[in-house]
Amino acid sequence: MNPLILPGATLGVIGGGQLGRMFVHAAQRLGYFTAVLDPDPQSPAGRVSHHHIPFGYNDAQGLAQLAAQCDAITTEFENVPAAALQTLAASRPVAPSAAAVAIAQDRIQEKSHLMASAAEAGALAGVRCAPYAVITTPEQLQAVPADLLPGILKTARMGYDGKGQVRVKDAAQLADAWAELEQVHCVLEKLLPLKAECSVIVARGWNGDIVSFAPQRNVHLDGILAVTHAYEGNMPAALSERAFAATKTIANHIDYVGVLCVEFFVIDDGSENGALIVNEMAPRPHNSGHYTLDACDVSQFDLQVHAMAGLPLPAPRQHSPAIMLNLLGDGWFGAEGQARAPDWPAVLALPGTHLHLYGKTEARAGRKMGHLTVTGADVASVQATARRAAEILGLPGFGFASP
Ligand code: ADP
Ligand code: MG
């Protein structure tokens, strides 16, 4: 099936967060009408969409309205019930598919898929997952090999931004952590010595066409993305090529349609560049691709619109080096905890700054409120401006040196 849904039609998105909001902006710019399914009347995407359907992601009435109003449907987060996508797919093109989302929303299934992709493809030779064990029963907990410790216990479902993860040093801490997580299905991953992290974003069409952005280098803080470096030389070229080949294989393997992001670790294995470890995949546009809005001639959100609508997928061209800083709610509070807005005029006075705020009324520590992309003529000036913006915003000024 290769639908062709032209501007003037209505595109629907399940989930009303910032990814949905930026998707809606891209769809509207192309002349589509939009509908957002989200129970929150103040949701970032619902507020800017032509239609907002204020129901839960699993609500039969809400899903029926979405199907009735939309010509094609996508999702902006991986925890939407796969069954809901399945239901919608009976009457409308849905991208990504319920099957792809079901894999991405369960770390146990996701790891099997990533391992199977790795085993199948020659291009993937040497790209591995972190050593891990599945823990769903007390017997599996007992049987965890000692060499997986110290490790990170991760819930199989509903984790994001480092939530649902506990670092454990030994078997006793592991048992305590699993009890604390109420013995839900988990994976234990070996704690790896990370040299760097990167991600690759591809868009794949119904006909199997695939285009990609160059790999981004990402810096995380407390499990949450803090900074994305997107410019030539951000990664050793050999690693970038292998990360792209791996991502393509992973997308093809499940006949993926839409924008897909795959996250990688680079670990120290004694070699010059280090080894690539595939971490996880996100079946949607990704925080590490927000810079594409301002630094590329076509953004990850544009490509999501193209892919789901069956439009051609132009290969993106990055026209400016870029650094993206995530703006978390922590920046909305002063040293004594008093609420205050960040100094936007000072940030906006800097050359090449692109401020994106998601319209969230309540700031909370760790909550993604917006992001700032810095573009410029060359990497050195982008780094200098990003460092200055980080100082003004009280963000940790790490990671702006050349890799
Ligand atoms: P989430 O779904 O919350 O993004 P991730 O599995 O990507 O979960 O973990 C979040 C971050 O935690 C990673 O980007 C990385 O910085 C760190 N991390 C996760 N797994 C490991 C690991 N096995 N070894 C070292 N660091 C890890
Ligand atoms: Mg992650």
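The values are calculated or read from the model by the stated rules, or taken from the named source; none is laboratory data. Model, not experiment: these values are computed from the prediction. Glycine gets a Cβ as well: all are built from the backbone with ideal geometry, and neighbour counts include every protein chain shown. Heads up: the accessible areas ignore ligands, DNA and RNA and are worked out on the full protein's heavy atoms, side chains in. Shrake-Rupley method; radii C 1.70, N 1.55, O 1.52, S 1.80 Å.
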| said: Quick check on region 232-245. Is at least one of its residues under 24 Å from THR75 (Cβ atoms) and not in a helix (DSSP H, G or I)? | reply: no
| In region 281-298, the residues that are without any contact (Cβ under 8 Å) to a residue 24 or more places away in the chain and of a type in the set (Val, Ile, Thr) | VAL298
| query | When both residues are 6+ apart or on different chains and their Cβ atoms are under 7 Å apart, which pairs have a first residue that lies in region 309-321 and is in contact (Cβ under 8 Å) with a residue 24 or more places away in the chain and open to solvent by 70 Å² or more (accessible area, probe 1.4 Å), and a second that is part of a loop (DSSP other than H, G, I, E, B) and of a type in the set (Gly, Ala, Ser)? | reply | none
| task | Output the qualifying pairs, or none if there are none: Cβ atoms under 6 angstrom, residues six or more apart or on different chains, first residue in region 217-242 and of a type in the set (Gly, Ala, Ser), second residue away from ligand 2 (no atom under 16 Å from the Cβ). | result | ALA230/TYR291; ALA230/ALA322; ALA238/ASN273
| field | Enumeration of residues in region 268-306 that are more than 13 Å from ligand 1 (Cβ to nearest atom), within 16 Å of LEU19 (Cα to Cα) and among the small types (Gly, Ala, Ser) | value | GLY289, SER299
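One line per residue, one yes/no per condition, for (1) closer than 23 Å to ILE267 by Cβ; (2) of a type in the set (Asp, Glu); (3) touching a helix residue (DSSP H, G or I) at 6+ places or on another chain (Cβ under 6 Å):
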residue	(1), (2), (3)
ALA99	no, no, no
ASP106	no, yes, no
SER117	yes, no, yes
ASP147	yes, yes, no
GLY151	yes, no, no
LYS169	yes, no, no
ASP176	no, yes, no
GLU197	yes, yes, no
| In this structure, does LEU153 turn out to be within 12 Å of ligand 1 (Cβ to nearest atom), open to solvent by 30 Å² or more (accessible area, probe 1.4 Å) and outside the structural domain of ILE14 (by TED's automatic domain parsing)? | no
| query | Of the numbered conditions (1) within 10 Å of ligand 1 (Cβ to nearest atom); (2) open to solvent by less than 70 Å² (accessible area, probe 1.4 Å); (3) part of a strand (DSSP E or B); (4) out of contact with any Lys or Arg (no Cβ under 7 Å at 6 or more places or on another chain), GLU189 satisfies every one except a single condition; which is it? | reply | (4)
| Which is surrounded by 18 or more Cβ atoms within 10 Å (Cβ to Cβ) and not polar (S, T, N, Q), of PRO345, PRO285? | PRO285
| Looking only at region 239-267, which residues are surrounded by fewer than 24 Cβ atoms within 10 Å (Cβ to Cβ) and within 12 Å of ligand 1 (Cβ to nearest atom)? | CYS261, GLU263, PHE265, VAL266, ILE267
| task | Enumerate the strands (runs of 3 or more DSSP E) found wholly within region 21-135, keeping only those where 1 or more residues are crowded, with 17+ Cβ neighbours inside 10 Å and modelled with pLDDT under 95. | result | 132-135
| task | Output yes when any residue across region 351-361 is in contact (Cβ under 8 Å) with a residue 40 or more places away in the chain, closer than 18 Å to ASN218 by Cβ and of a type outside the set (Val, Ile, Thr), and no when none is. | result | yes
| query | Checking GLY164 against (1) under 21 Å from ILE267 (Cα atoms); (2) touching a strand residue (DSSP E or B) at 6+ places or on another chain (Cβ under 6 Å), which single condition isn't satisfied? | reply | (1)
| For region 166-186, what are the residues that are open to solvent by 70 Å² or more (accessible area, probe 1.4 Å) and closer than 16 Å to ALA130 by Cβ? | ARG167
| said: When the residues of region 192-228 are narrowed to those that are touching a Cys at 6+ places or on another chain (Cβ under 9 Å) and of a type outside the set (Gly, Ala, Ser), which ends up nearest to ligand 1 (Cβ to nearest atom)? | reply: ASN218
| Does region 216-224 include one or more residues that are surrounded by 24 or more Cβ atoms within 10 Å (Cβ to Cβ) and away from ligand 2 (no atom under 16 Å from the Cβ)? | no
